[in-house]
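Note sheet for the following structure.
The values are calculated or read from the model by the stated rules, or taken from the named source; none is laboratory data. Values in this document were obtained by computation on a predicted structure and should not be read as measured data. Cβ placement follows ideal geometry from the backbone for every residue including glycine, while neighbour counts extend to all protein chains displayed.
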Ligand SMILES: Nc1ncnc2c1ncn2[C@@H]1O[C@H](COP(=O)(O)OP(=O)(O)OP(=O)(O)O)[C@@H](O)[C@H]1O
Ligand SMILES: [Mg+2]
């Protein structure tokens, strides 16, 4: 594998990791596969698009606002759609999540300036600049993505292991009722979880746009599934596992495409082969502990 | 301090509590005895707001608390140490204790940490260890210590002696005595009547959702019902 491919794999892995964390954190607490998460990711690209082209904001301002709006969307979705179902059968929650996913996609389809047609994500110059490194031609975005992702992931670890609300997030994932008995406001902790997961997905969505600038209502679906797979491979519910799973999958995908370019159309087959392999050999994932059914 | 009046709780069609009335005066240790499935845990969970009663009143210092959120009830000073310890296994001992003061903002947290470490010195040695790696007895100490970190004025303990060796039970009950001497009121749920009646001044006996006996400690100890069913005498 040459340098260029290494950076490509690192970039893709970082993107999967950023998305996978949202899946894994929500699953860890609510035992819910948040189907809308991939669409949250997709929306982040559109927020930048709207801010940049419609409101003529500078790119960085559009990006920052996108993260804020996307985080707010994550918060609102939990508040409006999931929270009322906290004590409902799990299947109701799952179907609501699927409905939420479709709703978000269709909002984009019917929006007059966005429509169902493909748009171009605005990419700033500093992202698409190309330079030479050890004889290989590297696009700046493949450096920026891992760096920004690393900063975000370190920030997340700081939040989880050094702050009170982070401690609450880890506690609530093992025992929601015991956390409640500590006098903690569990709704607040759950809200924060959705905000953090969505903000990371937004960063992922914006960086994804810089790498793959096609913007359409359905761009969140495939990366969403791959990131979810990464979360399962890493051990669903485990944040560090999701990071590792993301990198493993990103690297594996790039290595496969680079070594067998003629078969690159089968990349999802490779990803799901990895998933099945893991489910057979280590069902709880890389970092997972034996799963206990929540009652 | 705590008054429970005519409490009826249902789980679906099961009538789990059938009109329970309990009174816990300020500064006392009151025990609630009963066999498996009597409804002891249900009573405590209802006080904490985790279960809604169909009928009945619960007042704490004169204020009705039925319908309040658990986090609110904890902040009013009622803290429960749940059955089965329920410590956070992935968090360190230290972090478990910090979880105990989640709802607190006052500056006395440091002092209370010192206090619980003096009650349970073993926790101090193990403060960096994950809660899940502690022994059963240590986990129970951690669960009690964690509840104390929430600064309870009324502490609800649900079967703290369950599964512990006699030496550990003695150690734990010595800690309860100190906690009581510090001015805290305790409602102690137990199947181990001998241990419970060693510190309680008043007790209730619960059977299938009903109070079948109550009275001051001495009266209970000498009553036939308690002697036969709970102390194994006679
Ligand atoms: N979540 C629940 N759903 C349905 N029934 C329940 C539930 N929790 C408790 N019960 C029933 O309510 C009754 C009282 O249970 P509870 O747990 O309060 O008893 P307990 O006195 O604490 O018993 P133990 O000593 O075993 O802890 C039991 O018959 C139990 O089966
Ligand atoms: Mg019980």
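General remarks:
- In region B:52-95, the residues that are over 17 Å from residue A:176 (Cα atoms), under 17 Å from the mean Cα position of the chain (by Cα) and crowded, with 22+ Cβ neighbours inside 10 Å: B:58, B:78
- Residue selected from region B:15-46 under the condition within 14 Å of residue B:158 (Cβ to Cβ) and touching a helix residue (DSSP H, G or I) at 6+ places or on another chain (Cβ under 8 Å), by the criterion farthest from ligand 1 (Cβ to nearest atom): B:31
- Taken together, the residues in region A:97-133 that are in contact with a strand residue (DSSP E or B) (Cβ under 7 Å, 6 or more places away or on another chain) and touching a residue at least 12 places away in the same chain (Cβ under 8 Å) amount to 5.
- Residues considered: B:37, B:49. Of these, the only one that is assigned by TED's automatic domain parsing to the domain that holds residue B:190 and loosely packed, with under 15 Cβ neighbours inside 10 Å is B:37.
- Qualifying positions in region B:74-89 - more than 8 Å from chain A (Cβ to nearest Cβ), within 21 Å of residue A:188 (Cα to Cα) and either assigned to a helix (DSSP H, G or I) or modelled with pLDDT under 95 (or both): B:76
- All strands (runs of 3 or more DSSP E) inside region B:12-62 with 1 or more residues being away from ligand 2 (no atom under 16 Å from the Cβ) and without any contact (Cβ under 8 Å) to a residue 24 or more places away in the chain: B:14-24
- Test: residue in region A:191-207 that is in contact with a strand residue (DSSP E or B) (Cβ under 9 Å, 6 or more places away or on another chain) and under 17 Å from residue A:246 (Cα atoms): no
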